[in-house]
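Peer 1: Would you mind keeping the following structure in view while I ask a few things?
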Amino acid sequence: MRKQVIHSEVEMMAGFRLGHEQSFTEVFDLLYHALCFYALRITKDQAAAEDIAEESFVKVWERRQNFIHFPVLKSFLYTTVRNASINWQKQSTRQKSKLIDLHSFSENSEHSKLDNIIAAETLRELYAALSNLPPQCRKIITMLFIEGKKPGQVAEALELSVANVSTQKKRGLLLLRKTLPHLFLLFSFFPF
Amino acid sequence: MMKDDDSIERAKMDQLAFRVAYLIAGFLQENLTETEHQELDDWIGESMDNQRLFEDMTDPKNLETWLKWRENTPSVPTLDRLKSRLEFTPPAKKSVLRSFWPYVAAASILLGAAITFEWIQNKAKPENLVQTMPKDLLPGGNHAILTLSDGRTIALDSAGNGNLTQQGNVNIHKQDSGLISYQVINPSVSPGKEEYNTLTAPAGGQFRLILPDGSNVLLNAGSSLKYPTVFSGKKRLVILTGEGYFEVAKDPMFPFEVSAGTNTIQVLGTHFNINAYADEPAVRVTLEEGSVMVNQKTTLTPGWQAQISPSTEVKTIKADLETELAWKNDLFVFKQAPLDEVMRQVGRWYKCEVDFKTNITDHFNFSVSRSVPVSKLLHFLEETGSVHFSIEDKKITVMQ
């Protein structure tokens, strides 16, 4: 079992090249939100960003045999999303107003391209750390702090006692402090 | 199959962005090494834009907004839609072997065919190794030399299984090709004074050892462990050079202590790894289970690592157990590793010199079994497009 976990990236890429659904799902789960986020930074349009991210997976699947290393695959997807986002932006601008000229396309510079990728990738890594919390604990933390629910509501939704919810909350916060100390600072503003 | 040169070029450009993201995320999680911290500082200092981006990425308000956005952007509908749009190959079913037991012969032919198929698939990759690497290097294995207290040496590779020799009240027993153990013959006899043996795993070797107290030590290539044939003092003291993975038998009355260079690691009963190679930038003590104390002041909890470099105090960071302990699972695992770090491990395990003709700044992610010939491992690295190798007379040359 342990070896399987360790080999995951290499195996995932091997399965991806061979066309396995499982490997596709793994790649999708790893990258979808990051690509969406990247598209959103350029287009500022949620629906367009989701479409663009989806299409990038169709495109990469057509060329799946070319990819041996995960970073190369990732880079291909980011480039695809970037090009599609810039195209979308041009078209939607044209529809709205023909007068807006080139200087609004700041995303064309090499620097901002890297900045947006850095932002998307940082969040991807952080979210991975967050998902390492035990499932129920993570669920409680998400409901309490991201969805803004009250302990009573969480307890009811998950069919747990309120005491159990606050125990799990303490446990989760302890773990989070180790992984996301800055976020913990933020959480500590919420009353217990 | 065609190699996508364009995408390799793009990947090289994006490599920097991925690296910076890794460093910022590591900064937020407080698990950067000293060197990585310095690298991040350097990057931030490069320009005002970098500094602004760093502040942006570490601002709790932004993080909260982004994480909320992510929670509110479901991925399942998109994944379902994609699955209906795309075509997939069903994976080969290995369970066929078990359910058709009487047809094992036929099934094994099928399996053979599957292996051949995989092999052809592998062969279909651009295979220029044949030209670039006329000479390969075989992986390391179970090799070690045992030095007894009177200075005699025993080459453990060639020794047969069974009792090797007797040291006082202790039998030294070779259990299998990669394991020796110390067994007390008569427990009622007083242990007498401690006599030291040394087990040395040379470059290209590894060996496992069971000490007289039942503690288990796996020695990595280019390492040695000096230990008494019986533990009769107040503590169980052993001396390590290089790298070893320890599973220490619990005995609160007699603490276990590892001395590595100028460092001491005190143990009650636990699993941990010590990497104390002289050519590594820091001594790393990684705790998997239990509790250890480093240099009498730093206590580690499981999953954490102490780093001791000559220039700094002991620093603790969250350990990546997968990479730190990979070697004991017979694997190389590298995550965001600089090439010199990769090649130090390669040099030890494949018993070769490494000559850098050029400085490679890229970082590498890969995992591969320690039982492959070196060409396969180097091939993985070459696939990134940022480095090439040649092998000659037990020497690997690194080129752009």
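Peer 1: Testing B:R344 on (1) under 30 Å from B:L16 (Cβ atoms); (2) in a helix (DSSP H, G or I); (3) in contact with a strand residue (DSSP E or B) (Cβ under 7 Å, 6 or more places away or on another chain), one condition comes back false. Which one is that?
Peer 2: Failed condition: (3).
Peer 1: Continuing with the same structure: Kindly evaluate A:K169 against the criterion of being within 14 Å of chain B (Cβ to nearest Cβ), modelled with pLDDT under 75 and outside any loop (DSSP other than H, G, I, E, B).
Peer 2: no
Peer 1: A further question follows. Here is a list of conditions, (1) aliphatic (A, V, I, L, M); (2) within 12 Å of chain A (Cβ to nearest Cβ); (3) touching a Cys at 6+ places or on another chain (Cβ under 8 Å), and B:I396 meets all of them except one; can you say which number that is?
Peer 2: So the condition that B:I396 fails would be (2).
Peer 1: Separate question: So B:D176 ticks every box in (1) farther than 30 Å from B:N295 by Cα; (2) touching a strand residue (DSSP E or B) at 6+ places or on another chain (Cβ under 8 Å) but one. Which box is left unticked?
Peer 2: (2)
Peer 1: Would you check if B:K328 is within 14 Å of chain A (Cβ to nearest Cβ) and either assigned to a helix (DSSP H, G or I) or touching a residue at least 60 places away in the same chain (Cβ under 8 Å) (or both)?
Peer 2: For B:K328, the condition - within 14 Å of chain A (Cβ to nearest Cβ) and either assigned to a helix (DSSP H, G or I) or touching a residue at least 60 places away in the same chain (Cβ under 8 Å) (or both) - is met.
Peer 1: Taking the criterion of being surrounded by fewer than 22 Cβ atoms within 10 Å (Cβ to Cβ), over 23 Å from A:L126 (Cα atoms) and within 7 Å of chain B (Cβ to nearest Cβ), would at least one residue in segment A:36-58 satisfy it?
Peer 2: Scanning segment A:36-58 turns up at least one residue that is surrounded by fewer than 22 Cβ atoms within 10 Å (Cβ to Cβ), over 23 Å from A:L126 (Cα atoms) and within 7 Å of chain B (Cβ to nearest Cβ).
Peer 1: Could I ask something else about it? Can you tell me which residue in segment B:25-44 is nearest to the other protein chains (Cβ to nearest Cβ), limited to those that are at pLDDT below 90 and within 16 Å of B:E55 (Cβ to Cβ)?
Peer 2: For segment B:25-44, the residue satisfying everything is B:A25.
Peer 1: Separate question: Quick check: is even one residue across segment B:74-88 without any contact (Cβ under 8 Å) to a residue 24 or more places away in the chain, acidic (D, E) and within 11 Å of chain A (Cβ to nearest Cβ)?
Peer 2: Within segment B:74-88 (the criterion being without any contact (Cβ under 8 Å) to a residue 24 or more places away in the chain, acidic (D, E) and within 11 Å of chain A (Cβ to nearest Cβ)), the answer is yes, since at least one residue qualifies.
Peer 1: What residue, of B:V294, B:V342, is under 30 Å from A:L73 (Cβ atoms) and at pLDDT 90 or above?
Peer 2: Sole residue among the options that is under 30 Å from A:L73 (Cβ atoms) and at pLDDT 90 or above: B:V342.
Peer 1: So which residues in segment B:292-311 are in contact (Cβ under 8 Å) with a residue 24 or more places away in the chain and assigned to a loop (DSSP other than H, G, I, E, B)?
Peer 2: B:N295, B:Q296, B:S309
Peer 1: Restricting to segment B:348-371, and then to whatever is within 12 Å of chain A (Cβ to nearest Cβ) and not charged (D, E, K, R), can you tell me which residue is surrounded by the fewest Cβ atoms within 10 Å (Cβ to Cβ)?
Peer 2: So, considering only residues that are within 12 Å of chain A (Cβ to nearest Cβ) and not charged (D, E, K, R), the one surrounded by the fewest Cβ atoms within 10 Å (Cβ to Cβ) is B:S369.
Peer 1: Of everything in segment B:199-236, what is over 24 Å from B:W327 (Cα atoms) and either part of a strand (DSSP E or B) or of a type in the set (S, T, Y) (or both)? Give them in sequence order.
Peer 2: Listed by number, the residues that qualify are B:P228, B:T229, B:S232, B:R236.
Peer 1: Pick from B:L287, B:L339: which is touching a Phe, Trp or Tyr at 6+ places or on another chain (Cβ under 8 Å) and closer than 26 Å to B:L16 by Cβ?
Peer 2: B:L339
Peer 1: Shifting gears a bit: May I ask you to verify whether A:S109 is over 30 Å from B:L377 (Cβ atoms), at pLDDT 90 or above and within 12 Å of chain B (Cβ to nearest Cβ)?
Peer 2: Considered against the rule, which asks whether it is over 30 Å from B:L377 (Cβ atoms), at pLDDT 90 or above and within 12 Å of chain B (Cβ to nearest Cβ), A:S109 comes out as no.
Peer 1: Among the residues of segment B:260-307 satisfying the criterion of being in contact with a Lys or Arg (Cβ under 9 Å, 6 or more places away or on another chain) and more than 23 Å from B:E34 (Cα to Cα), which is surrounded by the most Cβ atoms within 10 Å (Cβ to Cβ)?
Peer 2: B:V267
Peer 1: Go through the residues of segment B:55-77 one by one and say whether even a single one is within 25 Å of A:R41 (Cα to Cα), among the polar types (S, T, N, Q) and at pLDDT 85 or above.
Peer 2: yes
The values are calculated or read from the model by the stated rules, or taken from the named source; none is laboratory data. Keep in mind that what you see is a predicted model, and the values were worked out from it rather than measured. Positions of Cβ are generated from backbone atoms using ideal geometry, with glycine treated the same way; all protein chains shown enter the neighbour counts.
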